[in-house]
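Laboratory data are not the source of any read-out in this text; all were calculated from the coordinates shown. Here the structure is a predicted model, which means the values were calculated and not measured. When we count neighbours, we look across all protein chains shown, and the Cβ atoms used for this are built from the backbone with ideal geometry, even at glycine.
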């Protein structure tokens with residue numbers, strides 16, 4: 001399998017559009033470990049994460065032809081996060097890492113507009129704006145932000161990884177959320 005040529009995203013997408021069952025195998029070969037890492041980071045349980053990845057393959061099989069994603073990796077990552085978060089909620093956030101995920105979403109909710117209140121937030125525009133915001137951050141701050149709010153790592157884990165105390169990380173994340181809110185308001 002090590003000598004096997006990896007197909008391009010465009011080739012894999014075409015396989016989905018054509019209804020080829022090989023599309024799932026190729027997706028697994030190219031992105032399987034990446035998707036498992038996302039699910040494991042959110043759920044904190046390898047068995048549940050593996051089930052989530054299998055659920056993703058089934059949903060991708062039926063979802064890609066209708067969704068027609070421009071970026072396969074981003075589509076898979078977003079879908080994986082949604083599935084893993086749903087599983088985490090189903091488990092009532094009782095498993096390790098659940099509290100960190102719930103807390104990280106609560107922290108960010110103050111900075112990102114809530115669509116349920118009628119505020120318009122076109123998904124493409126929001127993605128472009130978030131990418132713009134991330135581009136304004138230093139590598140260290142961007143890494144810290146993504147670890148917390150994309151990979152759902154706990155403040156304690158991030159502090160250990162960067163060799164700082166939790167208070168430092170909490171303060172940095174607080175300041176980053178404030179900057180995000182200002183950036184989003186400025187770039188509406």
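Observations
- When restricted to residues that are within 18 Å of the chain's Cα centre (by Cα), surrounded by 12 or more Cβ atoms within 10 Å (Cβ to Cβ) and farther than 25 Å from residue 83 by Cα, region 133-175 contains 3.
- Within region 29-81, restricting attention to residues that are part of a helix (DSSP H, G or I) and out of contact with any helix residue (DSSP H, G or I) (no Cβ under 9 Å at 6 or more places or on another chain), the residue that is surrounded by the fewest Cβ atoms within 10 Å (Cβ to Cβ) is 66.
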